[in-house]
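Colleague: For reference, the structure I am asking about is given below.
The values are calculated or read from the model by the stated rules, or taken from the named source; none is laboratory data. Note that the structure is predicted; figures quoted are calculated from it, not measured. Because the Cβ atoms are built from the backbone with ideal geometry, glycine has one as well, and the counts that use them run over all protein chains shown.
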Amino acid sequence: MNEKSSTNHVTLCQPKDINIDEVWKEIYSEASDLAEKEPQLRKLLTDIVLSHQCLFSALSARLARKLAREDMTKDELYPLLFDIFSNNKNITLSAITDMQAIYQRDPACHSMLHPMLFFKGFMAITTYRISHHLWVMNRKPLALYFQSISSEIFGVDIHPGARIGCGLMLDHATSVVMGETAIVEDNVSILHEVTLGGTGKQEGARHPIVRSGVMIGAGAKILGRVEIGAGAKIGAGSVVLEDVPACTTVAGVPAVIVGHTSEENPALEMNQSINCGQI
């Protein structure tokens with residue numbers, strides 16, 4: 001594949017117009033209502049939402065609570081995370097877009113608050129966004145620390161050097177792996193046990209490029225510097241070793257084209273059917 005043609009014009013972290021304050025009011029209101037209905041959750045809700053004045057602070061508190069260890073306590077994590085969120089608005093906008101993606105695509109998600117409370121895929125990708133920021137700022141050992149802790153806690157291993165857009169849904173998320181040079185554009189849906197990996201010991205660009213609108217089924221393995229075209233669908237359990245054209249469905253080991261996608265945007269529709277023969 002021509003590397004230049006593959007990496008030009010990638011669409012990364014370009015969320016639509018979002019009013020952070022309005023989103024925060026919605027989340028705060030949902031947390032207040034839930035605290036009344038489920039008093040057993042009041043302590044958690046107070047700690048991560050109701051005691052805070054803004055979404056920057058709430059996201060920092062949530063991750064600090066989840067990532068805290070003896071070697072870096074919650075009280076040590078919170079100011080580091082708050083500094084990153086509050087001084088890098090696009091990280092928070094990307095997190096909001098990820099929350100919206102989960103709420104809109106996953107019928108098991110019933111509010112914008114739920115990803116912060118219960119969805120480890122959201123927490124894993126938000127932790128990646130912190131580690132990627134640190135990686136870009138050349139704080140690589142600390143970035144790798146966050147990667148390691150996220151892998152341990154959430155079962156999701158995303159290298160901080162990977163480039164990942166917003167509007168990403170990691171559905172269930174367990175055992176998702178993305179290598180150092182992987183590129184995932186905006187508005188992609190990835191199910192559990194998916195690997196975006198390399199094929200050997202070579203250095204340089206060696207992991208997949210996933211274009212916008214792609215849906216990758218559970219257990220799929222995409223290996224090497226292959227490109228998954230916009231709006232494509234990867235069947236569950238497939239092993240992809242070659243480029244996948246836009247708007248096609250592939251399945252099998254190794255994966256082959258089995259049809260065109262029946263949806264304009266598979267990532268948004270989350271339709272797991274294969275539609276064989278529609279070529």
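Colleague: I'm trying to understand the selection: among the residues of the range 125-146, which are surrounded by fewer than 23 Cβ atoms within 10 Å (Cβ to Cβ) and of a type in the set (S, T, N, Q)?
Modeller: Hit for the range 125-146 is ASN138, nothing else.
Colleague: Something else: Out of the range 31-57, which residues are within 20 Å of ILE18 (Cα to Cα) and loosely packed, with under 13 Cβ neighbours inside 10 Å?
Modeller: Answer for the range 31-57, where residues must be within 20 Å of ILE18 (Cα to Cα) and loosely packed, with under 13 Cβ neighbours inside 10 Å: just GLN53.
Colleague: Next question, about the same structure. Only one of SER212, SER189 is hydroxyl-bearing (Ser, Thr, Tyr), in contact (Cβ under 8 Å) with a residue 40 or more places away in the chain, surrounded by fewer than 22 Cβ atoms within 10 Å (Cβ to Cβ) and on the phi < 0 side of the Ramachandran plot; which? Lay out the reasoning, then the answer.
Modeller: On the way: SER189 fails: surrounded by fewer than 22 Cβ atoms within 10 Å (Cβ to Cβ).
Result of the check over SER212, SER189: SER212.
Colleague: Hey, among ASP157, ASP171, which residue is closer than 19 Å to ALA95 by Cα and surrounded by fewer than 19 Cβ atoms within 10 Å (Cβ to Cβ)?
Modeller: ASP157
Colleague: Let me ask something additional. Can you tell me which residue within the range 194-205, out of those that are within 20 Å of the chain's Cα centre (by Cα) and not hydrophobic (A, V, I, L, M, F, W, C), is surrounded by the most Cβ atoms within 10 Å (Cβ to Cβ)?
Modeller: THR195
Colleague: While we're looking at this one, here's another question. Given the conditions (1) touching a residue at least 40 places away in the same chain (Cβ under 8 Å); (2) surrounded by 15 or more Cβ atoms within 10 Å (Cβ to Cβ); (3) outside any helix (DSSP H, G or I), which single one is not true for GLY231?
Modeller: (1)
Colleague: Between residues in the range 8-34 that are in a helix (DSSP H, G or I) and residues that are small (Gly, Ala, Ser) and modelled with pLDDT of 90 or more, which pairs lie under 8 Å by C-beta distance while being six or more apart or on different chains?
Modeller: Short answer, once both residue conditions are applied: TRP24/ALA58; ILE27/ALA58; GLU30/SER111.
Colleague: If the requirement is being in the same structural domain as ASP106 (by TED's automatic domain parsing), of a type in the set (Val, Ile, Thr) and either within 17 Å of the chain's Cα centre (by Cα) or modelled with pLDDT of 95 or more (or both), which of these qualifies: ILE183, ILE209, ILE149? Outline the logic, then answer.
Modeller: On the way: ILE183 fails: in the same structural domain as ASP106 (by TED's automatic domain parsing); ILE209 fails: in the same structural domain as ASP106 (by TED's automatic domain parsing).
Only one candidate passes the filter, namely ILE149.
Colleague: Can you pull out the residues in the range 246-279 that are farther than 14 Å from GLY235 by Cβ, touching a strand residue (DSSP E or B) at 6+ places or on another chain (Cβ under 7 Å) and either modelled with pLDDT of 90 or more or assigned by TED's automatic domain parsing to the domain that holds ILE102 (or both)?
Modeller: CYS247, ALA267
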